[in-house]
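Structure record follows, encoded as structure tokens.
The values are calculated or read from the model by the stated rules, or taken from the named source; none is laboratory data. Predicted, not measured: the structure shown is a model, and the values here were computed from it. Backbone-built Cβ (ideal geometry, glycine too); neighbour counts: all protein chains shown.
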Amino acid sequence: MTDCIFCKIVTGDIPSDNVYRDEQVTAFRDINPSAPTHILIVTNQHIDSVNKLRVDDEALIGHLFTAAKNIAVKEGIAESGYRLIMNTNADGGQTVFHIHLHLLGGAPMKHPMG
Ligand code: DGP
């Protein structure tokens, strides 16, 4: 999509602090971090939100989680722990409508959620 910030990050048209990229996903540091480690893992292909997922996307979304785990290992937070969040629409707090997983860690996460 031409007016999507994360599509422009995937293509390199908007600069980002990238930590990982393959043929399916791109990961970069959040511009406004909520934790010492805050990385966004996005699909290279534009999908608005979880609400738009199709059965055909299941392998891609599985890959998104595997990439998040591998990045957590590389960032040194896998053993201390981390939180993965995917916000959907207004009540979920979604502000960028291109599906993305937040990887948060480097400090104890706050409870309760929601
Ligand atoms: P969400 O609220 O779940 O849609 O999260 C969107 C996140 O995207 C939010 O934490 C801030 C981040 N973000 C928005 N614009 C940019 C950008 O241009 N670059 C980077 N690195 N992060 C961005």
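Assorted remarks:
- None of F28, F6 is over 19 Å from M109 (Cα atoms), of a type in the set (F, W, Y), part of a helix (DSSP H, G or I) and within 14 Å of the ligand (Cβ to nearest atom) except F6.
- No other residue among I41, I71 is part of a helix (DSSP H, G or I), within 15 Å of the ligand (Cβ to nearest atom) and either closer than 25 Å to A107 by Cβ or among the charged types (D, E, K, R) (or both) apart from I71.
- So I77, is it of a type in the set (V, I, T), touching a Leu at 6+ places or on another chain (Cβ under 9 Å), exposed (fewer than 15 other Cβ atoms within 10 Å of the Cβ) and within 19 Å of M109 (Cα to Cα): no
This table checks each residue for (1) within 15 Å of the ligand (Cβ to nearest atom); (2) touching a Gly at 6+ places or on another chain (Cβ under 7 Å); (3) part of a helix (DSSP H, G or I); (4) among the basic types (K, R).
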{"residue": "N51", "(1), (2), (3), (4)": "yes, no, yes, no"}
{"residue": "A59", "(1), (2), (3), (4)": "no, no, yes, no"}
{"residue": "I77", "(1), (2), (3), (4)": "no, yes, no, no"}
{"residue": "N87", "(1), (2), (3), (4)": "yes, yes, no, no"}
{"residue": "D91", "(1), (2), (3), (4)": "yes, no, yes, no"}
{"residue": "L101", "(1), (2), (3), (4)": "yes, no, no, no"}
{"residue": "M113", "(1), (2), (3), (4)": "yes, no, no, no"}
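- Checking each residue in region 9-25 for being part of a loop (DSSP other than H, G, I, E, B) and touching a Phe, Trp or Tyr at 6+ places or on another chain (Cβ under 7 Å) picks out S16, D17.
- Of residues in region 80-113 being loosely packed, with under 12 Cβ neighbours inside 10 Å and of a type in the set (A, V, I, L, M), the one modelled with the highest pLDDT: A90
- A single member of V50, V55 is touching a Ser or Thr at 6+ places or on another chain (Cβ under 6 Å), surrounded by fewer than 19 Cβ atoms within 10 Å (Cβ to Cβ) and of a type outside the set (G, A, S), and it is V50.
- Restricting attention to region 65-92, the residues being without any contact (Cβ under 8 Å) to a residue 12 or more places away in the chain and either of a type outside the set (G, A, S) or on the phi > 0 side of the Ramachandran plot (or both) number 6.
- Checklist (1) crowded, with 17+ Cβ neighbours inside 10 Å; (2) more than 13 Å from the ligand (Cβ to nearest atom) applied to A35, failing item: (2)
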